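Chemist: This is the structure, below, for whatever I ask next.
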Amino acid sequence: MRDDERHDGFATRAVHAGQAPDPRTGAHATPIHQTSTFVLGDVARGERLFAGDESGYVYSRIANPTVRAFEEKLAALEGAEEAVAFASGMGAIAALCLSTLRSGDEILFLGPLYGGTRGLFHDLLPRFGVTARRVDDDDLAAAVTPQTRMLYVETPTNPTLGIHDLRLVADVASTHGLLSVVDGTFATPYLTRPLEHGIDVVLHSATKYLGGHGDALGGVVAGSQELMDEVRLEGLRHVGAALSPSIAFLLLRGVRTLHLRMRAHCANARAIADAALGHPAVSAVHYPGLPDHPRHAVAASQMDDFGGMVALEFVHGRESAAAFLEALTLFDHAVSLGDVSSLACHPASTTHQVVEEELRLADGVTEGLVRLSVGIEDERDLVRDVRQALDRAARAEASLLPSG
Ligand SMILES: Cc1ncc(COP(=O)(O)O)c(C=O)c1O
């Protein structure tokens, strides 16, 4: 890190942090160090490297120079001492849990959670004696027990764009000596830096906005040096979900334009939310930037803008949601998010299909819900596309009404 890097603005850090011309060749772009192992030199140096008495690369499952550049960039953007990269968001979440939790520990989480995380918490971790319990925001402090070790939260939440108060989570965690963890995938460090609000650890599916082009899977965890050393030496080294150097190259390139892309995602999402508001096909528009969002004030206090995700609730359920999805021309019907190109999905039939109906409905994941990951195309074209698809959905709804 350059001496003055800590004071650079977000865009300067996004472009420069972790990256410098290659000192040996002068290569301006960060090289892809596509190597599994590193030459240790003599036996004494090998021993020092393995003992941690000398820093250097030994094996790419633990650290690699291209991956390192991505880690340094993310640490700089989050204002964290250190970051550790993984092969996927789920790899990052699982490794964090395995390296920080012990049998008998409990995770308290504010729902809802991304389905993969929910599966990890409910299906896998209990086999190793770690349990997870969902609590309401207002009950968080009272729900802490002697077994509680971690507070876990996503904000904004997937797919209904709920917002949780980071200050509340940080305060409860510090009062009770717990580890607070935030999945910031939807917000990205451009919009929210949870460590600034007192949170201990922030993690991301880098597959989404960080990579930004829908062509690479990755994950990252950021926090204190001490904790990240533990995550690297236990979670990464022993579990092995290591990010590949060639994918790190793609993620690095993606993050360099994060600020530019996020501005476009946010502006387009706001235009889509405004266009959908009041349309007869739609009964609700979920977007934290709308003044009547139930947590708009909290969102405004911890986000620099309101993100690129919008969810629409159709009056007549699955039929009109399907008519809308099928009428869209610029939004592809696909899961995932954060791509430069717009995506739309129907959570009830895809990402949340396995969630029991009662729970799904309690979280607002109805048959009529469509989630939009608004891309960076021209606002005018996206709005036109959404309008014509909403009109089509309204016509489909009209044909569902009893005639005469
Ligand atoms: C909020 C959130 N966290 C974590 C993940 C998991 O990330 P990955 O697919 O990179 O494993 C996802 C994936 O959709 C997500 O939406």
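The values are calculated or read from the model by the stated rules, or taken from the named source; none is laboratory data. Keep in mind that this is a model prediction, so the values were computed, not measured. For neighbour counting, all protein chains shown are included, and Cβ atoms are generated from backbone atoms with ideal geometry for every residue, glycine included. For the accessible areas, the whole protein counts, side chains as well, though only heavy atoms, and no ligand, DNA or RNA atoms are used. Shrake-Rupley method; radii C 1.70, N 1.55, O 1.52, S 1.80 Å.
Chemist: Hey, among Ala142, Ala132, Ala170, which residue is open to solvent by less than 10 Å² (accessible area, probe 1.4 Å), more than 14 Å from the ligand (Cβ to nearest atom) and not in a loop (DSSP other than H, G, I, E, B)? Give the steps one after another, and end with the answer.
Modeler: Working: Ala142 fails: open to solvent by less than 10 Å² (accessible area, probe 1.4 Å); Ala132 fails: open to solvent by less than 10 Å² (accessible area, probe 1.4 Å).
Sole residue among the options that is open to solvent by less than 10 Å² (accessible area, probe 1.4 Å), more than 14 Å from the ligand (Cβ to nearest atom) and not in a loop (DSSP other than H, G, I, E, B): Ala170.
Chemist: Of (1) over 19 Å from His197 (Cβ atoms); (2) in contact (Cβ under 8 Å) with a residue 40 or more places away in the chain; (3) away from the ligand (no atom under 16 Å from the Cβ); (4) buried (at least 19 other Cβ atoms within 10 Å of the Cβ), Val84 satisfies all except one. Which?
Modeler: (3)
Chemist: Here's a follow-up. Within the range 87-102, which residues are within 12 Å of the ligand (Cβ to nearest atom) and under 20 Å from Leu178 (Cβ atoms)? Break it down into steps so the answer makes sense when it comes.
Modeler: The initial filter retains those residues of the range 87-102 that are within 12 Å of the ligand (Cβ to nearest atom), namely 87-96.
Answer for the range 87-102, where residues must be within 12 Å of the ligand (Cβ to nearest atom) and under 20 Å from Leu178 (Cβ atoms): Ala92, Ile93, Ala94, Ala95, Leu96.
Chemist: Output the residues belonging to the range 88-99 that are out of contact with any helix residue (DSSP H, G or I) (no Cβ under 7 Å at 6 or more places or on another chain) and either free of Cβ contacts under 8 Å to residues at least 40 places away in the same chain or surrounded by 21 or more Cβ atoms within 10 Å (Cβ to Cβ) (or both). I'd like the intermediate steps shown before the answer.
Modeler: As a first pass, look at the range 88-99 and keep what is out of contact with any helix residue (DSSP H, G or I) (no Cβ under 7 Å at 6 or more places or on another chain): 88-89, 91-92.
Gly89, Gly91, Ala92, listed by residue number.
Chemist: Residues in the range 145-167 that are assigned to a helix (DSSP H, G or I) and either out of contact with any helix residue (DSSP H, G or I) (no Cβ under 7 Å at 6 or more places or on another chain) or more than 16 Å from the ligand (Cβ to nearest atom) (or both): how many?
Modeler: Step one: filter the range 145-167 for residues assigned to a helix (DSSP H, G or I), giving 166-167.
Checking the rest, the ones that are also either out of contact with any helix residue (DSSP H, G or I) (no Cβ under 7 Å at 6 or more places or on another chain) or more than 16 Å from the ligand (Cβ to nearest atom) (or both) come to 167.
Residues flagged as assigned to a helix (DSSP H, G or I) and either out of contact with any helix residue (DSSP H, G or I) (no Cβ under 7 Å at 6 or more places or on another chain) or more than 16 Å from the ligand (Cβ to nearest atom) (or both) within the range 145-167 amount to 1.
Chemist: From the list Ala14, Ala27, Ala51, exactly one residue is more than 28 Å from His238 (Cβ to Cβ) and free of Cβ contacts under 8 Å to residues at least 24 places away in the same chain. Which is it?
Modeler: Of the residues listed, the single one that is more than 28 Å from His238 (Cβ to Cβ) and free of Cβ contacts under 8 Å to residues at least 24 places away in the same chain is Ala27.
Chemist: Could we say that Gly18 is buried (at least 16 other Cβ atoms within 10 Å of the Cβ) and on the phi > 0 side of the Ramachandran plot here?
Modeler: Numbers: buried (at least 16 other Cβ atoms within 10 Å of the Cβ): yes; on the phi > 0 side of the Ramachandran plot: yes.
So Gly18 fits the description; yes.
Chemist: Do you know which residues across the range 287-320 are closer than 14 Å to Pro156 by Cα and open to solvent by 50 Å² or more (accessible area, probe 1.4 Å)? Give the steps one after another, and end with the answer.
Modeler: Taking the range 287-320 as the starting set, the residues that turn out to be closer than 14 Å to Pro156 by Cα are 287-290, 293-311.
Correct list: Pro294, Arg295, Ala297, Ala300, Ser301, Asp304.
Chemist: For Asp105, all conditions in the list (1) within 16 Å of the ligand (Cβ to nearest atom); (2) open to solvent by less than 60 Å² (accessible area, probe 1.4 Å); (3) not basic (Lys, Arg) hold save one; what is the number of the exception?
Modeler: That leaves (1) as the condition not met.
Chemist: Taking the residues in the range 34-58 that are part of a loop (DSSP other than H, G, I, E, B) and under 16 Å from Pro245 (Cβ atoms) as candidates, determine which candidate is most open to solvent (accessible area, probe 1.4 Å).
Modeler: Filtering the range 34-58 for residues part of a loop (DSSP other than H, G, I, E, B) gives 34-36, 38-42, 52-58.
In the following step, the residues that additionally are under 16 Å from Pro245 (Cβ atoms) were identified as 34-36, 38, 57-58.
Working: Gln34: 124, Thr35: 51, Ser36: 74, Phe38: 38, Tyr57: 78, Val58: 25 Å².
Among those residues, the one meeting the criterion is Gln34.
Chemist: Could you tell me which residue of the range 108-129 is farthest from the ligand (Cβ to nearest atom), considering only residues that are touching a strand residue (DSSP E or B) at 6+ places or on another chain (Cβ under 9 Å) and outside any helix (DSSP H, G or I)?
Modeler: Among those that are touching a strand residue (DSSP E or B) at 6+ places or on another chain (Cβ under 9 Å) and outside any helix (DSSP H, G or I), it is Leu108.
Chemist: Restricting to the range 181-226, name every residue that is within 15 Å of the ligand (Cβ to nearest atom), on the phi > 0 side of the Ramachandran plot and surrounded by fewer than 24 Cβ atoms within 10 Å (Cβ to Cβ).
Modeler: Gly214
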